[in-house]
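Engineer: Dropping the structure in here first, questions after.
The values are calculated or read from the model by the stated rules, or taken from the named source; none is laboratory data. Because the structure is predicted, anything quoted here is derived from the model rather than measured. As a convention, Cβ positions derive from the backbone with ideal geometry for all residues, glycine included, and neighbour counts pool all protein chains shown.
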Amino acid sequence: MKKAAPSYETPEVREFAEVLRGRRTIELFLQTLVPKALLDEAIEVATWAPNHHVTEPWHFYVLGDKSKERCLDLCRDLVTAKKGEAAGDFKRQSWSQKPGWLVVSCQRSEDAARQKEDYASCCAAIQNLTLYLWKAGVGSKWTTGDITRDARFYEIVGIDEAQAFVVGVIWYGYPKLTPTQSRKGLDEVRTETL
């Protein structure tokens, strides 16, 4: 006897779809700390992302207060060099309002195909992490930029630049403001072929 396909019309599936649609990039956070156990659970869940040949290329660095301060100073220095002191001070102040800092790195590979697969896996892991946090009421922002490519940042975080590269900084915390957003319709992003 052939088994029927499971129904996708369940409350659990609909709720999961709402989590996916509802997640937003958060810019403004409350200054309430996220429990360590919740962050640890989110990191563990992140590691279940698909990864070719189970390479598990990711590493997660939870920054403490001293590391964050050093990153803030580096950010100010980088922006000051490009845009002047006022802009550097403004950026440092803005970034100082991000309560949680998590850096995600990807293992380097000399094999270009594997490097591409591993980077994609790290991105999927970050998506797992941010969705889990969102379901728990915690917002995040995945950011990159000049700081994530600066050797001084690698030194602050403790990443061996010869062995790994930064995929992003994930700022996380309880949202102060959740923006609205929309997406293109299905007809604009889907093509069916014969």
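Engineer: Does A37 satisfy the condition of being within 30 Å of A113 (Cβ to Cβ) and not charged (D, E, K, R)?
Structural biologist: Values: within 30 Å of A113 (Cβ to Cβ): no; not charged (D, E, K, R): yes.
When the stated conditions are applied, A37 does not pass them.
Engineer: Quick check: is even one residue across the range 39-52 farther than 17 Å from G137 by Cβ, in contact with a Lys or Arg (Cβ under 8 Å, 6 or more places away or on another chain) and either assigned to a strand (DSSP E or B) or of a type outside the set (V, I, T) (or both)?
Structural biologist: Yes, there is a match, as at least one residue in the range 39-52 is farther than 17 Å from G137 by Cβ, in contact with a Lys or Arg (Cβ under 8 Å, 6 or more places away or on another chain) and either assigned to a strand (DSSP E or B) or of a type outside the set (V, I, T) (or both).
So that you can scan it fast, the table gives a plain yes or no per residue for (1) within 16 Å of V169 (Cα to Cα); (2) at pLDDT 95 or above:
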position	(1), (2)
A5	no, no
E9	no, no
V13	no, no
L39	yes, yes
A42	yes, yes
E56	no, yes
H59	yes, yes
V62	yes, yes
C71	yes, yes
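Engineer: Just checking, which of K141, K68 is of a type outside the set (S, T, Y), under 20 Å from the mean Cα position of the chain (by Cα) and not in a helix (DSSP H, G or I)? So that I can check it myself, show each step before the final result.
Structural biologist: Working: K68 fails: not in a helix (DSSP H, G or I).
After ruling out the rest, the residue left standing is K141.
Engineer: Has the range 18-27 got at least one residue that is touching a Pro at 6+ places or on another chain (Cβ under 6 Å) and either outside any helix (DSSP H, G or I) or in contact (Cβ under 8 Å) with a residue 24 or more places away in the chain (or both)? Write out each step before concluding.
Structural biologist: In the first step, residues of the range 18-27 are kept if they are touching a Pro at 6+ places or on another chain (Cβ under 6 Å); the result is 24, 26.
If we keep only those that are either outside any helix (DSSP H, G or I) or in contact (Cβ under 8 Å) with a residue 24 or more places away in the chain (or both) as well, we get 24, 26.
Within the range 18-27, one or more residues are touching a Pro at 6+ places or on another chain (Cβ under 6 Å) and either outside any helix (DSSP H, G or I) or in contact (Cβ under 8 Å) with a residue 24 or more places away in the chain (or both).
Engineer: How about the range 36-50: which of its residues are within 24 Å of Q97 (Cβ to Cβ) and surrounded by 11 or more Cβ atoms within 10 Å (Cβ to Cβ)?
Structural biologist: L38, L39, D40, A42, I43
Engineer: Taking the condition of being surrounded by 12 or more Cβ atoms within 10 Å (Cβ to Cβ) and within 15 Å of R108 (Cα to Cα), how many residues in the range 149-162 meet it?
Structural biologist: Number of matching residues: 4.
Engineer: If you go through the range 71-119, how many residues are surrounded by 16 or more Cβ atoms within 10 Å (Cβ to Cβ), touching a residue at least 24 places away in the same chain (Cβ under 8 Å) and either out of contact with any strand residue (DSSP E or B) (no Cβ under 9 Å at 6 or more places or on another chain) or of a type in the set (V, I, T) (or both)?
Structural biologist: Of the residues in that region, 8 qualify.
Engineer: Okay, moving on. I'd like to verify a number: residues in the range 76-121 that are farther than 30 Å from E56 by Cβ and of a type in the set (D, E, K, R), how many?
Structural biologist: Counting residues in the range 76-121 that are farther than 30 Å from E56 by Cβ and of a type in the set (D, E, K, R) gives 8.
Engineer: I would also like to ask the following. If we keep just the residues of the range 1-30 that are of a type outside the set (D, E, K, R) and exposed (fewer than 10 other Cβ atoms within 10 Å of the Cβ), which is nearest to S140 (Cα to Cα)? Give the derivation first.
Structural biologist: The initial filter retains those residues of the range 1-30 that are of a type outside the set (D, E, K, R), namely 1, 4-8, 10-11, 13, 16-17, 19-20, 22, 25-26, 28-30.
Still in the running and exposed (fewer than 10 other Cβ atoms within 10 Å of the Cβ): 1, 4-8, 11.
Details: M1: 47, A4: 39, A5: 36, P6: 33, S7: 32, Y8: 29, P11: 26 Å.
Ranking the qualifying residues of the range 1-30, first place goes to P11.
Engineer: Same structure, new question: May I ask you to verify whether A164 is closer than 23 Å to T55 by Cβ, touching a residue at least 24 places away in the same chain (Cβ under 8 Å) and out of contact with any Phe, Trp or Tyr (no Cβ under 9 Å at 6 or more places or on another chain)?
Structural biologist: Values: closer than 23 Å to T55 by Cβ: yes; touching a residue at least 24 places away in the same chain (Cβ under 8 Å): yes; out of contact with any Phe, Trp or Tyr (no Cβ under 9 Å at 6 or more places or on another chain): no.
Criteria not met by A164.
Engineer: Sort out which residues of the range 83-106 are under 30 Å from S121 (Cβ atoms) and not in a helix (DSSP H, G or I), and write them in order of number. So that I can check it myself, show each step before the final result.
Structural biologist: Taking the range 83-106 and keeping what is under 30 Å from S121 (Cβ atoms), we get 95, 98-106.
Hits for the range 83-106 are K98, P99, G100, W101, L102, V103, V104, S105, C106.
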